[in-house]
Every structure is written in C-alpha cells, then in structure tokens.
1. Among the residues of the stretch 65-95, which ones are in contact (Cβ under 8 Å) with a residue 60 or more places away in the chain, surrounded by 13 or more Cβ atoms within 10 Å (Cβ to Cβ) and not in a strand (DSSP E or B)?
2. Give me the residue from the stretch 112-154 that is at pLDDT below 85 and not small (Gly, Ala, Ser) and, out of that set, nearest to Leu76 (Cα to Cα).
3. Taking the conditions exactly as written (modelled with pLDDT of 90 or more, within 27 Å of Glu44 (Cα to Cα) and assigned by TED's automatic domain parsing to the domain that holds Glu24), does Arg90 satisfy them or not?
4. Could you give every pair whose Cβ atoms fall below 6 Å, whose first residue belongs to the stretch 131-142 and is farther than 11 Å from Gly95 by Cα and in contact (Cβ under 8 Å) with a residue 60 or more places away in the chain, and whose second residue is among the hydroxyl-bearing types (Ser, Thr, Tyr) and surrounded by fewer than 17 Cβ atoms within 10 Å (Cβ to Cβ), counting only separations of at least 6 or pairs across chains?
5. Which of the residues spanning the stretch 96-111 are among the hydrophobic types (A, V, I, L, M, F, W, C) and either part of a strand (DSSP E or B) or at pLDDT 90 or above (or both)?
6. Can you pull out every residue in the stretch 96-113 that is over 12 Å from Thr140 (Cβ atoms) and loosely packed, with under 15 Cβ neighbours inside 10 Å?
7. Residues in the stretch 107-126 that are within 24 Å of the chain's Cα centre (by Cα) and in contact (Cβ under 8 Å) with a residue 24 or more places away in the chain: how many?
8. Given the stretch 15-57, what strands (runs of 3 or more DSSP E) lie entirely inside it while holding 3 or more residues that are at pLDDT 80 or above and either out of contact with any His (no Cβ under 9 Å at 6 or more places or on another chain) or not assigned by TED's automatic domain parsing to the domain that holds Arg90 (or both)?
Amino acid sequence: MKLMLVAVLLLATVAAPEAAVRFEADGVRVGSELVTGAAISLKESGASPLLVSGSVVESLSGDSLAVALDGKQIVLGAGLRLARTADGYRITTNGMRFTVEAAGVSLAADRDATFKVTGKGFDFGTLGALEGTTLAVRATAATAAAVSAPQEVQISPEKEVRQGRAKVIRRLFSQDPLNTGQAVSSISVRQITQVTPDGAP
C-alpha cells in the first residue's frame, strides 16, 4: 500500500512540473520565496534574473520564462512583462509588437494586451480567445516596416568658406594676463574676451 502511494505521488510530480515562478493570491512566488508589495526587486529563477513585485514579473535574460497562474502556464519571451490587474492579467512590452499563441492558434497585439484566464484557456477580449493550458508570448521584430520605407537623412549644412584672407584678431596686453598676480584683476579678465579655436591670440 505504501509503495503504491509513493508511486502515485512520484507520477503526479513528474506529470505536472511546476513553474519556478507562479502567481498566488498573496503575491508572486519565485522558487520558495513569496514576493509581496509594490516595490520591484531583482530576483533569480535558476540562472535567469527577474524583475519581480507582488503583481509583476519580467525576465531580464534572453531565455523564455514559464509562469504559472490560475492552473494555466504562460511562457514569456524576452522583453515581456506580465502584471496582475484588478480583473485579470496584462502583458506589456517596451514598444514592441508581440504574439500570443496557444494550441497552434496565435493572436497579434501592439505593445500591451489584457486577458482573463477561463476554464477553456485565455480570453483577450476584442483580440479573441485562445483555448489551451499553455500560452506562449513572443515579441515580434518590426524591422520589415522600417526597412521598406527609406528615411531621408538631413545633413547639417557646412559652414560657408569665404574667399580670400581670413580676418585675424590680435590683442595687445599692457601686462602679462597669465601672471598670477594679474590673473584675478578685472582688467586682465576683460582683456581676454575671445579665444580662437586654434589657440592663437
């Protein structure tokens, strides 16, 4: 009987691996540590650095991050932030477009998207709904639009060159302006009004 119980427990842990990061009612659990409060702190999940608060998770590495929430799992790609809201969750980026995918169906979003976890999967409101237990979120590259429309680069006009001789300014000093006894004198300071780029007087 004991041997059968051990086999069932072992099978249950192998069949459903838990994510190292998961949203709970009190906050966000990273490994064995529960993070609560609004202050964002730096934590580690394995070798991956994370920004974590009581309602926000963001991976700082290029690796994907698995986050468990409400019996489902979200795999966040690099540059994506998952936050708990009053009525669900919100995925945001730093200005990039991203896609969400579950069970082979994907939806595209622009910078942020809110969703609710349902019994069948994930409801993104006007974007649509996805069925499944695992949601993959990846940022998309927006280089195609930038490459297709060439931008005109405006170069600053060069300084006009005068024909002939350059105007030379020469100053005559009655005393040495670099002498320390005279350097603090207001007369010496007023005599040094213009310094040329090449250092000539």
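The values are calculated or read from the model by the stated rules, or taken from the named source; none is laboratory data. What you see is a predicted model, and the numbers here were worked out from it, not measured in a lab. We place every Cβ from the backbone using ideal geometry, glycine too, and count neighbours over all the protein chains shown.
1. Passing the criteria: Gly77, Ala78, Gly79.
2. Ranking the candidates gives Thr140 first.
3. Numbers: modelled with pLDDT of 90 or more: yes; within 27 Å of Glu44 (Cα to Cα): yes; assigned by TED's automatic domain parsing to the domain that holds Glu24: yes.
When the stated conditions are applied, Arg90 passes them.
4. The qualifying pairs are Arg138/Thr99.
5. Result: Met96, Phe98, Val100, Ala102, Val105, Leu107, Ala108, Ala109.
6. We begin by selecting, within the stretch 96-113, every residue over 12 Å from Thr140 (Cβ atoms); these are 102-105, 112-113.
Result: Ala103, Gly104, Val105, Asp112.
7. Step one: of the stretch 107-126, the residues within 24 Å of the chain's Cα centre (by Cα) are 107-116, 124.
Filter once more, so that each one left must be in contact (Cβ under 8 Å) with a residue 24 or more places away in the chain: 108, 114-116, 124.
Going through the stretch 107-126 one residue at a time, the tally reaches 5.
8. Details: elements: 21-23, 28-30, 33-35, 41-45, 48-52.
In the stretch 15-57, 21-23, 28-30, 33-35, 48-52 are the strands (runs of 3 or more DSSP E) which contain 3 or more residues that are at pLDDT 80 or above and either out of contact with any His (no Cβ under 9 Å at 6 or more places or on another chain) or not assigned by TED's automatic domain parsing to the domain that holds Arg90 (or both).
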